[in-house]
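Colleague: Let me begin by handing over the structure; questions about it come next.
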Amino acid sequence: MKRLKIIAAGKVQGVAFRFFASNQANQWGLTGWVQNKPDGTVELEAQGEKDTLHQFLAFLENGPSPSSRTDELVHYEIDVKENEQRFSVRS
C-alpha cells in the first residue's frame, strides 16, 4: 500500500477534472481526495496498490476531455492513512 501526493498543472480546472479523477479512483478502489487550488492546479492524494497508482497517474495525464490539458503531473510518496474508506472531491 502506498499513498501519493499529486499536483496536476495545465488546463485542469473548469473541465471536470476533479470528478473525472474521483470516478476513476473509486472504480479502481483507491482512497484519498482531490481539490482545486487557487493557483489553477489540482491537488490530489491517492492511496492504493502500487500498480493501480501508476495506472491512475497515466489516466490523469490524459485528462477528462479534449478541452483539458495536463502539462505537468508532479507526484511523490507520503505516509499512508489508515482506515480511509473512499476517494472524495473537496471544494
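Computed from the coordinates by the stated procedures, all read-outs in this text should not be read as laboratory data. Everything numeric here is computed off the predicted structure, so don't read it as measured data. Don't worry about glycine lacking a Cβ; one is built from the backbone with ideal geometry, like all the others, and counts go over all protein chains shown.
Colleague: Looking at segment 22-54, which of its residues are out of contact with any Phe, Trp or Tyr (no Cβ under 7 Å at 6 or more places or on another chain) and assigned to a helix (DSSP H, G or I)?
Modeller: Those that are out of contact with any Phe, Trp or Tyr (no Cβ under 7 Å at 6 or more places or on another chain) and assigned to a helix (DSSP H, G or I): 23, 27, 50, 51, 53, 54.
Colleague: Are any residues in segment 55-91 of a type outside the set (A, V, I, L, M, F, W, C), out of contact with any strand residue (DSSP E or B) (no Cβ under 7 Å at 6 or more places or on another chain) and in a helix (DSSP H, G or I), and if so, which ones?
Modeller: Scanning segment 55-91 gives 55, 62.
Colleague: Could you please find all residues in segment 25-40 being within 12 Å of the chain's Cα centre (by Cα), surrounded by fewer than 17 Cβ atoms within 10 Å (Cβ to Cβ) and within 16 Å of residue 5 (Cβ to Cβ)?
Modeller: The answer is 35, and nothing else.
Colleague: While we're on this one: So residue 43 clears everything in (1) charged (D, E, K, R); (2) farther than 19 Å from residue 11 by Cα; (3) within 11 Å of the chain's Cα centre (by Cα) except one condition, right? Which one?
Modeller: Condition not satisfied by residue 43: (2).
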